[in-house]
Amino acid sequence: MQDVSSLVAQAREGRPRAVARLISLVEGASPQLREVMAALAPLTGNAYVVGLTGSPGVGKSTSTSALVTAYRKQGKRVGVLAVDPSSPFSGGALLGDRVRMSEHASDPGVYIRSMATRGHLGGLAWSAPQAIRVLDAAGCDVILVETVGVGQSEVEIASQADTSVVLLAPGMGDGIQAAKAGILEIGDVYVVNKADRDGADATARELNHMLGLGESRAPGDWRPPIVKTVASRQEGVDEVVEALEKHRAWMEERGVLTERRLARASREVETIAVTALRERIGDLHGDRRLGALAERILAGELDPYRAADELVTGLTRG
C-alpha cells in the first residue's frame with residue numbers, strides 16, 4: 001500500500017516519481033483511488049487544460065512539443081497527457097509521443113505521461129479525467145492533453161478540456177471531409193500545421209468557409225480563429241498560444257470557463273456512478289434476483305424495462 005498523503009506532498013513539490021505513482025494508481029483503478037482523489041480535491045482547479053486533436057499525421061505530437069516550449073519560455077509548469085493507442089500485446093501505451101517529446105525529458109518544469117486508451121473509444125483513456133486532476137494538484141499551470149488520431153465521432157476531448165484545439169494539415173486529402181461531422185464542431189482554435197506545404201492557404205480558406213456555414217453567432221460570441229503553423233520549426237506557435245489565452249480570457253469574462261468545468265465534473269460523477277452500478281450488475285450473473293426477474297419476463301408478468309427498473313431500484317437501495 002502506498003502512503004497517499006506522502007505521495008501527494010511530494011507531487012506538490014514537483015517530484016516526478018510521486019506524480020508517476022499517483023497516475024499509476026489512477027490507471028490501475030487501485031483500491032486507494034478514492035483516498036487519492038479525496039487528498040487531491042482541495043488542491044485542484046488551477047490548471048488550464050488544453051486538448052489537441054486531429055486526424056493521424058497532422059503533427060499533434062510535434063505541435064504539443066512546440067507548445068510546451070512556448071509555455072516554458074513563459075515560465076509556466078506544463079503537464080502533458082499523450083494518449084496512445086493500446087498495445088495489442090501488453091495493453092499499455094505504445095509510447096510514441098514520449099519519444100517525440102524527448103527534448104523536454106530533462107526539464108523539471110515539464111511532466112509527460114503516455115496513457116493507453118485500453119480500447120476506450122472517444123480518443124481518450126478512461127482514466128484521463130483523474131490523471132488531469134493529479135497534474136493539476138501537482139502544480140501544473142497548463143495541461144496539454146493530446147488524443148489519439150480521431151475520426152468523426154471520437155470527439156470526447158471537447159468534454160475534458162477548457163479549450164479544444166483541432167489540427168489539420170494540407171495534402172491530407174479527406175482531412176476536412178472526415179472532420180465535418182465531428183471535430184469541426186468542437187474546436188475553439190483551429191491550427192493548419194505544416195503550413196510550408198502546398199495547399200496550406202487553400203486548406204485555411206476551406207476551413208474558414210466551413211466554419212462560416214455553421215451556426216450563426218451573436219455579437220460577442222467566440223469566433224474560432226485559424227492559425228497556420230510549422231510546428232517542427234516553432235513557426236506560428238506563439239500565435240497559437242496567443243489565441244489560447246484570448247479564448248481563456250473570453251471564457252472567464254463570460255463565465256463559460258466555470259460552466260465547462262461544472263459540466264466536466266458532472267460528467268465525471270455520472271461516469272463513476274454508472275461504472276459502479278454496472279459492476280454491481282455484473283456481479284449478479286447467476287444471482288437469485290436476476291433469475292427471478294427473468295422468470296417473470298418469460299411468464300409474461302413483467303416486461304424487460306420494468307424488470308430493469310426493479311433491478312436498479314434494488315441495487316441502489318441495497
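Taken together, the values in this text are just the output of simple stated rules run on the coordinates, not laboratory data. Only a predicted model underlies this, so the values are computations on that prediction, with no experimental measurement involved. Please note: Cβ atoms are built from the backbone with ideal geometry, for glycine as well, and neighbour counts cover all protein chains shown.
The table for this structure:
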| quantity | calculated |
| --- | --- |
| Per-peptide average of other Cβ atoms within 10 Å, ordering 264-273, 13-22, 47-56 highest first | 47-56, 13-22, 264-273 |
| Span from the segment 255-299 Cα centroid across to the segment 2-59 one, whole angstrom | 25 |
| 3J(HN,Hα) from dihedral phi, segment 287-303, Karplus parametrisation 6.51/-1.76/1.60, rounded to Hz, x for glycine, proline | 6, 4, 5, 5, x, 5, 5, 4, 5, 5, 5, 5, 7, x, 7, 8, 9 |
| FRET efficiency, 1/(1 + (r/R0)^6) with R0 41 Å, evaluated for residue 41 and residue 201 via beta carbons | 0.30 |
| Projected label distance in nm at residue 209 and residue 2, using a 7 Å step from Cα toward the beta-carbon | 5.1 |
